[in-house]
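Notes follow once the structure below has been shown.
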Amino acid sequence: MKKIMVTGALGQIGSELIMKLRSEYGADNVLATDIRHVASNVTESGPFEILDVTDAKGMHKIAQDFGADTMMHMAALLSATAEKNPVFAWNLNMGGLLNALEVSRELNLQFFTPSSIGAFGPSTPKKNTPQDTLQRPTTMYGVNKVSGELLCDYYYERFGLDTRGVRFPGLISNVAKPGGGTTDYAVDIYYKALEEGKYTSYIAEGTYMDMMYMPDALQAIVDLLEADPAKLKHRNAFNVTAMSFEPSQIAAAIQKEIPTFEIAYEVDPVRQAIADSWPDAIDPSAAIEEWGFKAKYDLDKMTVDMLEKLKVKLGK
Ligand code: VAH
């Protein structure tokens with residue numbers, strides 16, 4: 001049975017990943033860590049430790065004492081936050097990743113960390129973006145993600161470490177709200193639709209980005225973790241996506257459920273520039289062929305589920 005250590009366990013992905021992993025592998029076999037303790041189902045449903053991922057010795061001790069055989073490094077600053085403090089973002093995103101890779105090498109752990117469509121830049125083909133293509137991102141987050149992909153490939157090639165990763169699109173969830181991302185509008189819009197009946201988008205109409213509902217993202221992580229390594233031609237990091245849409249399309253999907261919902265636009269130039277530098281729609285065929293990636297939620301199905309879950313959460 002796997003013994004999995006997760007960093008960034010209270011983040012947007014981490015907070016749901018912990019619950020998914022505990023249901024798959026048993027609560028006691030999944031150690032959640034984060035830089036702060038916030039009482040939640042993550043901290044109450046299984047082992048939890050406070051960990052600053054820039055503390056290599058602390059990370060090694062926690063992984064060793066837990067008897068981990070798998071490291072899932074989820075702690076990172078997202079795109080918009082990273083642009084506000086690029087040096088801090090480099091130190092945290094790259095320092096934390098290097099520590100997680102080194103601890104995994106020293107203790108021979110299987111290793112997973114997510115990359116992002118943010119690893120692509122304006123010179124990358126925007127439509128049907130290939131698995132292997134030009135990656136010249138123009139954001140600190142993107143530089144971190146490309147560097148991280150190369151570092152994870154290096155640890156696989158140089159040390160034989162079993163590193164695996166995916167390039168996530170914007171992730172939409174009804175549990176932990178994302179913090180500091182560019183795609184967060186696609187989460188905020190559902191909350192505002194129920195709370196105010198309208199939403200002002202900071203991303204311009206017509207701006208396509210890849211997106212995926214969190215349940216599909218979590219299943220993709222488990223499927224890749226369990227994939228037969230002999231079938232993996234790629235390692236870091238597989239393109240995965242479920243849909244590509246622009247703000248007026250998610251608004252239209254919400255209007256099918258809430259006909260009076262209205263969208264307006266007040267573009268944030270910083271996050272618009274980040275979104276404009278990313279692909280419109282990436283090609284997930286390598287993930288489909290090499291480990292059977294499959295998304296279950298499209299925009300309409302996700303919208304129905306999001307609104308249903310948020311109505312309960314918001315007491316609507
Ligand atoms: C962000 N949600 O917006 C993250 C993600 C593809 C976007 O990397 O920064």
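Quick look at the values:
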{"read-out": "Hits in segment 125-144 - residues which are of a type in the set (S, T, N, Q) and within 13 Å of the ligand (Cβ to nearest atom)", "value": "129, 139, 144"}
{"read-out": "Evaluation of residue 28 against (1) farther than 19 Å from residue 176 by Cα; (2) in contact (Cβ under 8 Å) with a residue 24 or more places away in the chain (one fails), failing number", "value": "(2)"}
{"read-out": "Checklist (1) buried (at least 24 other Cβ atoms within 10 Å of the Cβ); (2) closer than 21 Å to residue 290 by Cα applied to residue 160, failing item", "value": "(1)"}
{"read-out": "Leading residue by the ranking (farthest from residue 118 (Cα to Cα)) among those in segment 258-316 that are assigned to a strand (DSSP E or B) and among the small types (Gly, Ala, Ser)", "value": "264"}
{"read-out": "Members of segment 57-114 that are of a type in the set (D, E, K, R) and more than 17 Å from residue 153 (Cβ to Cβ)", "value": "57, 61, 65, 69, 83, 84, 106"}
{"read-out": "Criterion violated by residue 163 - all others in (1) modelled with pLDDT under 95; (2) touching a Cys at 6+ places or on another chain (Cβ under 7 Å) satisfied", "value": "(1)"}
{"read-out": "Pairs with Cβ under 6 Å, 6+ apart, first in segment 157-176 and away from the ligand (no atom under 13 Å from the Cβ), second assigned to a strand (DSSP E or B)", "value": "161/111; 162/110; 163/111; 164/112"}
{"read-out": "Index of the failed condition, residue 125 passing every other in (1) crowded, with 18+ Cβ neighbours inside 10 Å; (2) under 16 Å from residue 278 (Cβ atoms); (3) not hydroxyl-bearing (Ser, Thr, Tyr)", "value": "(1)"}
{"read-out": "Condition check for residue 186: outside the structural domain of residue 56 (by TED's automatic domain parsing), more than 14 Å from the ligand (Cβ to nearest atom) and either modelled with pLDDT of 95 or more or over 17 Å from the mean Cα position of the chain (by Cα) (or both)", "value": "no"}
{"read-out": "Residue in segment 218-227 that is without any contact (Cβ under 8 Å) to a residue 40 or more places away in the chain, away from the ligand (no atom under 16 Å from the Cβ) and assigned by TED's automatic domain parsing to the domain that holds residue 310 present", "value": "no"}
{"read-out": "Matching residues, segment 49-79, being buried (at least 23 other Cβ atoms within 10 Å of the Cβ) and assigned to a helix (DSSP H, G or I)", "value": "59, 63, 79"}
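The values are calculated or read from the model by the stated rules, or taken from the named source; none is laboratory data. It should be emphasised that the depicted structure is a prediction, and the values quoted were computed from it without experimental measurement. FYI the Cβ positions are ideal-geometry reconstructions off the backbone, even for glycines, and counts take in every protein chain you see.
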